[in-house]
Amino acid sequence: MRNILVTGGAGFIGTNFVYYWLAKYPEDHVVVLDALTYAGNRENLTEAETNPKFKFVHGNILDQPLVESLLKNHKIDTLVHFAAESHVDRSIHGPDEFINTNIVGTHTLLKTAKKVWLDENPRPHRFHHISTDEVYGSLKPDDPPFAENTPYAPNSPYAASKASSDHLVRAYHETYGLQTSISNCSNNYGPYQFPEKLIPLIITNILNGKPLPVYGDGRQIRDWLYVDDHNLGVDLILEKGNAGEIYNIGGNNEWTNIDIVKTICNLIHERVSRNKDLLKRYPNCTSAKGNHPQTLITHVTDRLGHDRRYAINAEKISSGLGYSPAQSFETGIRKTLEWFLDKEDWWRRIMDGSYSKWIAVNYDDPK
Ligand code: NAD
Ligand code: DAU
């Protein structure tokens, strides 16, 4: 039985992780610490809050006394650290929050974990840090995918802040013996993803009949993974991976952005144009007006410093821990689309500002 502290558990991946964990390990206690920034949403966890093994705490990872009291009072033995500023475009417009949360916040957690788990009352523990493939920089078309020993070369303030946090986690293991592990994952998609990220943005814009902004030529490549396949990887690392190890997690699923956008257009057109109920619910969807959603594709000014290609070599976690994603892109994207069609209230409340913090990073200026 574990007592787990999940930071950032009201965000996209953290929410999915909480449901994954409570379903798979019903004996475990799960505490979420989340500051509820624009990207955090307590309503995501409404169902979890009916479970007596679950507790939500509204607070900041920078608050050391709070973190210390949670580690002690809940006898936490496992910390899974998702909390972060996560959107590259926002880091380009305003890097400060990324430095505070991603670097200083991670360090606050590390030094508190060291104090409680090593200095005051040594006990078995694990600090798992959730990181990203963006720390490795950008690949050329024929480069091999990122492996765990690929040198770091972060290009955006977001990626640089995550790279810094990875180095701090590694240093706390090497210097103090804190039992840490790190996973560097590729692009996730799935339920609860905030509609500023490519896939949910494209789905919701099509349903609203709004332009589909494609940065630059749209030929940038990302390696997409269904969110619960990321959580499966973290689960295997916690169950079987040794402290001090780093694992890349990915789905071997490279797509250009423009092909992702066109695929979602086709799926929605196929799904909406022959369904009376959906046609009624989404009257602004282009398919309801007899047009194909691809007519909404709008090439806009490129992201500054835009990484051209990411791809993950997941050999270490596959052969070492038996990892294999459960979803193909075909099944994962359909599940995701069904979730967004079904949860219209969720994404509309975000977009109309009912969750109060939606500030669009506006890129829809057609060239
Ligand atoms: P998200 O932006 O959806 O959620 C982040 C959560 O962290 C929110 O609930 C927010 O309220 C919370 N948070 C932010 N600052 C905080 C603070 N100072 N104290 C406490 N809570 C705070 O992010 P996500 O997409 O779910 O990403 C989660 C983690 O996974 C991040 O560390 C990110 O770098 C990493 N990651 C994401 C992806 C992806 O494709 N989304 C891929 C690889 C790695
Ligand atoms: O690779 C892992 C990373 O994936 C995570 O570490 C980040 O937290 C997560 O946000 C994601 O970063 P990206 O920048 O790759 O994701 P995003 O959804 O913002 O963009 C995906 C690609 O689509 C990227 O090449 C930019 C492009 N894009 C994005 C948006 C929002 C567009 O062309 N138009 C858009 O409107």
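The values are calculated or read from the model by the stated rules, or taken from the named source; none is laboratory data. Treat the numbers as computed from the prediction; the structure is a model and nothing was measured. When we count neighbours, we look across all protein chains shown, and the Cβ atoms used for this are built from the backbone with ideal geometry, even at glycine. Each accessible area value is taken on the protein alone, full model and side chains, heavy atoms only, with ligands, DNA and RNA left out. Shrake-Rupley method; radii C 1.70, N 1.55, O 1.52, S 1.80 Å.
Quick one: pull the percent of accessible area on segment 131-282 belonging to carbon and sulfur, 1.4 Å probe, ligands and nucleic acids left out.
47 percent
Can you give the charge dipole size of the chain about its Cα centre, rounded to the nearest 20 debye, using +1 on the beta carbon of Lys and Arg and -1 on the beta carbon of Asp and Glu?
The dipole magnitude comes to about 620 debye.
Measure nothing but the geometry: give the 0 to 90° angle between the long axis through the Cα atoms of 329-342 and the longest principal axis through the Cα atoms of the chain, rounded to 10°.
The helix 329-342 is inclined about 80 degrees to the chain.
If you wrap a convex hull around the Cα atoms of the chain, how much volume per residue is inside, in Å³?
130 Å³
Based on a Kirkwood Rh over C-alpha pairs, give the Stokes-Einstein translational diffusion coefficient of segment 145-243 at 10 °C and viscosity 1.306 mPa s in µm²/s.
For these conditions, the coefficient is 97 µm²/s.
Considering only lysines 8 or more places apart in sequence, or on different chains, count the pairs in segment 268-352 whose C-alpha atoms sit under 16 Å apart.
4
Averaged per residue, what accessible surface does segment 203-257 expose to a 1.4 Å probe, in Å²?
30 Å²
Pairing the Cα long axis of helix 12-24 with the longest principal axis of the chain, what angle in degrees results, from 0 to 90 and rounded to the nearest 10?
Orientation of helix 12-24: about 60 degrees from the principal axis.
Take every DSSP beta bridge with both residues inside the chain and express the antiparallel ones as a percent of the total, to the nearest 5.
Within the chain, antiparallel bridges account for around 10 percent of the total.
Let me know the Rg and Dmax you get for segment 85-181 when you use only its Cα atoms, in Å.
Cα only, segment 85-181: 15.1, 51 Å (Rg, Dmax).
If you fit an axis through the alpha-carbon atoms of helix 257-272 and take the longest principal axis of the Cα set of the chain, what angle between them do you get, 0 to 90°, nearest 10?
On a 0 to 90 degree scale, this one is about 70.
Can you give the three extents of the C-alpha atoms in segment 3-97 along their principal axes, from longest to shortest, in whole Å?
Principal axes ranked by extent give 43, 27, 18 Å for the Cα atoms.
Using Cα centres only, tell me the gap between segment 1-63 and segment 281-343 in whole Å.
Comparing the Cα centres of segment 1-63 and segment 281-343, I get a distance of 25 Å.
As a test of the formula, what do you get for the chain when each DSSP H run with n ≥ 4 contributes -39,500 (n - 2.57) and the sum is divided by the residue count, at 222 nm and rounded to the nearest 500 deg cm²/dmol?
The per-residue figure over the chain is -11000 deg cm²/dmol.
List the residues, sorted by chain then number, that are 5 or more residues from Thr78 or on another chain and whose placed amide H is less than 5 Å from its amide H.
Answer set, sorted by chain and number: Asn3, Leu5, Arg126.
Please work out the average accessible area per residue across segment 270-348, using the 1.4 Å probe convention, and give it in Å².
Spelled out: the 1.4 Å probe surface of segment 270-348, per residue, equals 53 Å².
Please quote Rg/Rh for segment 173-303 to two decimal places, taking the Kirkwood radius as Rh and restricting both calculations to Cα atoms.
Ratio of gyration radius to Kirkwood radius: 1.13.
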